[in-house]
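Below is one structure, written out as structure tokens, with a few remarks after it.
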Amino acid sequence: MVLGLNILIGGEAGQGIQSLGIILARTMTHGGLHVFADQDYESRVRGGHNFFRVRLSDKKLSTFSKELDVLVALNRETVTIHDNELRDGGFIINDAEQTKVQANEKKYFNVPMGRIAEVSVKNKLMSNTVAVGAIIGLCGFDFSLLENVLRKEFARHGEKIVKDNITAAQAGFIYAQDHSEYNLGHKIHTVSGSATRILINGNEALALGAMVGGCKFIAGYPMTPATSILEYMATKGQDYDVVAVHTEDEIAAVNMAVGASYTGIRAMVATSGGGFCLMEEGLSLAGITETPLVLVLAQRPGPATGLPTRTEQGDLWFALHAGHGEFPRAILAPATVDEAFHMIIKAFNIAEKYQTPVIILTDHYLATSYATVDRFNLSEVVIDRGDLVDGKKLSNGKDYRRHIVTDSGISPRAFPGQNNVLVVTDSDEHDESGHMIEDAETRNLQNLKRLRKLTGMKAVMNSPKIHKVSGAELTLIGWGSTFGAISEAAALLQEDGIAANVLHLAEIWPFPEEAVTSALDNGTKKIIIEGNASAQMAQLIRRETGIIIDNYILKFDGRSFSPKDIVDRIKKEVL
Amino acid sequence: MPTEKDYAESIPIAWCPGCGNFAIIKALRKTLIELDIEPNQVLFVSGIGQAPKLPHYTKGNVFNGLHGRTLPVATGAKIVNHKLVVICIDGDGGAYGEGIGHLLAAMRRNIDITYMVHNNQVYGLTKGQASPTSDMGFVTRTTPQGAIQSLNPLALALASDVSFLARGFAGEIEHLATLLKMGIEHQGFSLIDILQPCVSFNYKNTYQWYRERVYKLEDQTYDLSDKLNAFKKAQEWGDRIPIGVIYKEERQVYEKQLPALKKMILARQKIDPLLFETLLDEFI
């Protein structure tokens with residue numbers, strides 16, 4: 001039997017939805033379960049409607065589900081908005097005093113969370129802790145699982161907060177155990193022998209991956225949903241000799257990272273669409289000065305400020321064409337939290353080997369969603385800093401030419417401050433020695449040299465993920481963070497007797513036209529599933545391969561695709 | 001000890017004959033030689049304009065970047081190798097126009113960089129438009145009704161808590177070299193505004209115009225640490241224009257606050273993925 005449970009905690013901003021959601025998710029991770037947790041919040045600090053959704057299984061999960069088993073309502077809106085998402089047999093953990101929903105139907109499990117918190121620790125704010133205690137009680141887990149997580153999560157707030165949270169959680173736990181009619185033990189139980197798993201979100205995976213991959217410098221200006229990358233590297237990086245600079249604007253951030261990289265270390269920036277607009281000239285600068293640069297572009301819906309706390313895949317064309325002039329770049333769009341970690345390490349290797357910008361294209365959904373993944377094996381991490389000159393071997397600085405023309409287009413790098421070497425580069429077109437020029441011949445040599453690097457880059461790109469099933473009549477195509485939803489949609493279609501292949505692109509540029517052509521050249525109906533209004537990947541596929549995509553399933557309302565959304569729309573719009 | 005030859009031009013110079021830049025580069029070469037700094041210890045960062053071509057006309061490590069973005073590049077570089085002598089060169093357009101936000105931030109940050117601003121009160125490279133420091137009413141093809149109120153870089157720098165502020169004049173090479181020397185030796189951010197006639201496009205602020213007006217602060221009793229008085233001096237423009245060190249203070253230097261730079265320069269630090277096992281534990 002497949003174990004599974006889907007819980008949504010909803011309430012206002014400021015009610016601690018996210019921190020309690022993470023505690024629940026972490027407790028389940030400790031219980032040996034696979035977790036996928038996503039969140040939805042508004043662009044405000046207090047009030048509104050926010051939720052944190054935790055999906056659990058004994059099988060690997062890579063996306064959320066909308067069908068709920070348990071709805072934890074900390075306010076009335078949670079009930080009215082999510083009531084219709086309950087499965088048959090699902091129920092609402094309801095605090096009538098807070099939600100003002102007085103109901104005696106079976107689907108309301110009335111837990112006076114506020115009152116329990118008041119009585120147990122004299123602090124009504126801990127009603128959310130009571131809720132988590134109640135869920136763990138309903139699942140029939142050992143309370144110590146939750147207690148350990150609470151201890152760890154609240155340790156920095158002092159012993160009193162730790163104790164109060166444990167007491168409040170225990171009160172909820174006991175209350176739930178007294179109401180066995182809502183028991184969840186038949187749906188979920190702890191699984192032993194999986195202590196190697198960690199729970200991490202997309203931005204954490206990128207920030208951690210960057211530092212593991214040797215990034216020693218990040219510069220940035222806060223912008224949702226990229227901010228937590230800068231925050232993580234600033235706070236954690238202090239102990240690992242990583243420098244994080246909160247700059248005056250995004251223009252400063254990208255130029256600072258370029259200056260840092262030129263001087264000899266791995267440097268990055270992280271931003272969203274608006275910030276990336278400001279970084280474009282700097283991107284172009286990295287291109288002509290052949291300075292390695294990793295740039296995380298965490299997409300949110302635009303244009304302009306758009307929907308700041310929501311998701312979209314609307315910046316694929318932007319990432320592809322950003323910056324004036326022609327220069328090589330790579331675009332990597334991780335499919336999962338796990339892949340985000342490994343991909344940013346690869347991004348640094350590509351950036352340094354080919355001395356050019358690499359864009360990691362994520363979105364709000366991937367940035368803020370948590371998943372359990374196998375603990376990253378740090379001993380397997382490969383660092384390739386590319387072709388570096390040993391400064392000591394150069395007898396005279398004049399011998400070194402930063403932009404020497406080579407067959408591969410790669411000119412060995414040296415750094416300022418290395419013995420005898422003078423490293424000269426320019427945003428003007430320049431000669432091999434880095435000095436500005438005007439003549440046509442040198443311009444052609446340098447421009448072609450830079451663009452030649454694309455050939456080498458293409459060879460290090462991984463092929464798209466292709467999942468083939470026998471007798472497939474459809475091919476579902478996607479890119480980036482929609483991988484989990486599309487894969488699960490294909491599995492759901494299979495259950496309904498509809499066979500669908502999946503083609504998913506994560507390493508997007510240089511474009512893998514051969515792999516895409518061979519995956520699509522099979523007579524299946526080709527359906528693109530994208531989080532934008534223009535079918536940007538479909539157009540890119542056509543441009544690069546000549547293949548015309550048959551159907552578009554597009555979504556640009558700021559919300560992410562669920563597997564069921566995709567299945568329903570394919571049935572309605574395609575079949 | 002380096003010589004004139006070590007700082008000779010790398011490529012032919014493209015400035016107009018008689019340009020103030022020739023005097024400024026002479027003062028800079030002299031300063032570097034006197035301070036016994038070898039070209040490979042120097043990083044010149046510049047933007048776009050006539051002045052920012054300067055690094056190509058001497059020797060050193062060079063990052064000639066975008067218009068107005070000199071200071072961010074230099075800041076990144078200085079953090080990664082704080083042993084480098086980082087000298088930034090821009091004109092008044094790049095420094096006080098396009099890049100003004102970065103200048104304010106750099107002065108607040110107080111990173112140990114020397115910023116030479118060749119202030120000729122006009123755009124040279126794009127041929128004669130008004131700059132942020134053009135005198136009010138200065139008529140050009142982009143300002144046919146006359147330039148708006150000019151920006152006062154000295155007052156602005158003082159208001160941004162700059163830790164070293166000086167003004168030089170391209171007509172006084174020895175004096176300028178002394179200011180550059182003090183600026184480079186100063187621990188923290190140094191702004192050196194250099195009055196420079198533009199022989200092609202500034203028909204008003206000529207060598208003659210300046211010679212009649214500039215006077216040296218060191219020729220009178222002047223307290224470098226008196227900020228209010230410095231503000232007063234910064235307001236002087238017109239009949240009498242002060243040159244010299246306007247203000248100086250010792251203040252916490254940005255890169256010295258960074259724990260990552262305590263052991264050794266960042267550029268020399270090894271990459272070791274295994275160090276991060278302890279961080280992974282936090283995700284359990």
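For region A:200-380, what is the Kirkwood estimate of the hydrodynamic radius, computed as the reciprocal of the mean inverse distance between distinct Cα atoms, to one decimal in Å?
Taking the inverse mean of 1/r over all distinct Cα pairs, region A:200-380 comes out at 15.6 Å.
If you bin the C-alpha pair distances of region A:465-573 every 5 Å from 0, what whole percents do you get?
The distribution over region A:465-573 is 2, 13, 26, 27, 19, 10, 2, 0, given as percents.
So what's the net charge close to A:Ser57: Lys and Arg +1, Asp and Glu -1, counting the other residues with Cβ under 14 Å from its Cβ?
Summing Lys/Arg as +1 and Asp/Glu as -1 gives +2.
Identify which of B:Ser163, B:Ser150, B:Ser134 has the largest mean-square fluctuation in a Gaussian network model of chain B, with springs joining Cα atoms closer than 10 Å.
Highest fluctuation among the options: B:Ser150.
Loop only per DSSP, at most 11 neighbouring Cβ atoms within 10 Å: give me the trypsin sites (Lys or Arg not before Pro) in region A:58-119, ordered by residue number.
Answer by residue number: A:Lys59, A:Lys100, A:Lys106.
Tell me the relative contact order for chain A as a rounded percent, counting alpha carbon contacts under 8 Å between residues six or more apart.
Here the relative contact order equals 11 percent.
With +1 on the Cβ of every Lys and Arg and -1 on the Cβ of every Asp and Glu, and nothing else charged, how large is the dipole of the protein assembly as shown about its Cα centre, in debye rounded to the nearest 20?
Rounded to the nearest 20 debye, it is 560 debye.
Could I have the simple spin-label model distance between A:Glu380 and A:Asp407, label points 7 Å from Cα toward Cβ, reported in nm to one decimal?
In this crude label model, A:Glu380 to A:Asp407 measures out at 3.4 nm.
So how many Å³ per residue does the convex hull of the Cα atoms of region A:369-476 work out to?
So the per-residue hull volume is 251 Å³.
Cut-off 20 Å, label point 7 angstrom out along Cα-to-Cβ of B:Glu174: give me the residues of region B:1-43 whose amide nitrogen falls inside.
Zone members listed by number: B:4, B:22-36.
Treating cross-link reach as a plain straight distance, find the aspartates and glutamates whose alpha-carbon is under 16 Å from the alpha-carbon of B:Lys5, omitting any fewer than eight places away in the same chain.
Answer for B:Lys5, where 16 Å is the Cα cut-off: B:Glu34, B:Asp36, B:Glu38, listed by chain and number.
Would you please report the Å³ per residue occupied by the convex hull of the alpha carbon atoms in region A:34-123?
132
Can you work out the FRET efficiency for the pair A:Ala304 and B:Asp219, with r the C-beta to C-beta distance and R0 = 56 Å, to the nearest 0.05?
Efficiency at R0 = 56 Å is approximately 0.50.
If I take R0 = 25 Å and measure r between the Cβ atoms of B:Gln149 and B:Arg251 in this structure, what FRET efficiency does the formula 1/(1 + (r/R0)^6) give, to the nearest 0.05?
0.25
At 222 nm, what helix-only mean residue ellipticity would chain B give, in deg cm²/dmol to the nearest 500, using -39500 (n - 2.57) for each DSSP H run of four or more?
Value at 222 nm, helices only: -7500 deg cm²/dmol.
Using Cα pairs under 8 angstrom and six or more residues apart, how large is the relative contact order of region A:4-195, in percent?
Dividing the mean separation by the residue count of region A:4-195 yields 22 percent.
Based on Cβ point charges of +1 for Lys and Arg and -1 for Asp and Glu, what charge dipole magnitude is obtained for region B:1-133 about its Cα centre, in debye rounded to the nearest 20?
In debye, rounded to 20, region B:1-133 gives about 180.
Before anything else, pin down the relative contact order of chain B: Cα pairs under 8 Å, at least 6 apart, normalised by residue count, whole percent.
Relative contact order of chain B: 18 percent.
So, R0 is 22 Å and r is the distance between the beta-carbons of B:Lys270 and A:Asp390; what FRET efficiency does that work out to, to 0.05?
It comes to 0.90.
A:His321 to A:Ser518: extension gain in nm, 0.36 nm per residue of separation minus the Cα-Cα distance?
In short, 68.3 nm is gained.
I need the per residue convex hull volume for region B:164-284, using only the alpha carbons, in cubic angstrom as a whole number.
206
To the nearest 20 Debye, how big is the dipole of region B:78-198 about its Cα centre, given +1 on the beta carbon of each Lys and Arg and -1 on that of each Asp and Glu?
In debye, rounded to 20, region B:78-198 gives about 260.
I want the local charge near A:Glu42. Using Cβ-Cβ distances under 12 Å, sum +1 for each Lys or Arg and -1 for each Asp or Glu among the other residues.
Here the count lands on 0.
What are the aspartates and glutamates whose alpha-carbon lies under 20 Å from the alpha-carbon of A:Lys106, with same-chain residues fewer than 8 places away excluded?
Hits, sequence-local ones excluded: A:Glu67, A:Asp69, A:Glu77, A:Asp83, A:Glu85, A:Asp88, A:Asp95, A:Glu97, A:Asp178, A:Glu181.
For the residue pair B:Arg141 and A:Lys564, what label-to-label distance in nm results when each label sits 7 Å from Cα along the Cα-to-beta-carbon direction?
Placing both labels 7 Å beyond Cα along the Cβ direction yields 6.6 nm.
How about A:Lys100: which lysines have a C-alpha closer than 21 Å to its C-alpha, ignoring those fewer than 8 places off in the same chain?
Cross-link targets: A:Lys124.
Put a dot 7 Å past each Cα toward the Cβ at A:Val45 and A:Thr455; how far apart are the dots in nm?
5.6
Hey, which of these cross-link pairs are over 31 Å Cα-Cα: A:Lys59/B:Lys270; A:Lys236/B:Lys59; B:Lys53/B:Lys248; A:Lys346/A:Lys571; B:Lys204/B:Lys232?
A:Lys59/B:Lys270; A:Lys236/B:Lys59; A:Lys346/A:Lys571
How long are the semi-axes of the ellipsoid equivalent to chain A, from square roots of 5 times the Cα gyration tensor eigenvalues, in whole Å, largest first?
Largest first, chain A gives 47, 28, 19 Å.
Per 0.36 nm of contour for each residue apart, how much would the distance between A:Asp249 and A:Glu573 grow if the chain were fully extended, relative to their Cα-Cα spacing?
112.2 nm
Multiply the residue separation of A:Gln238 and A:Gln494 by 0.36 nm, subtract the distance between their alpha-carbon atoms, and state the gained length in nm to one decimal.
Computed gain between A:Gln238 and A:Gln494 is 87.2 nm.
Using the Cα centre of chain B as origin and beta-carbon charges of +1 (Lys, Arg) and -1 (Asp, Glu), tell me which of B:Thr114, B:Leu66, B:Tyr254 is placed farthest towards the positive end of the dipole.
B:Leu66
Laboratory data are not the source of any read-out in this text; all were calculated from the coordinates shown. Here the structure is a predicted model, which means the values were calculated and not measured. Every residue, glycine among them, receives a Cβ derived from its backbone with ideal geometry; neighbour counts consider all protein chains shown.
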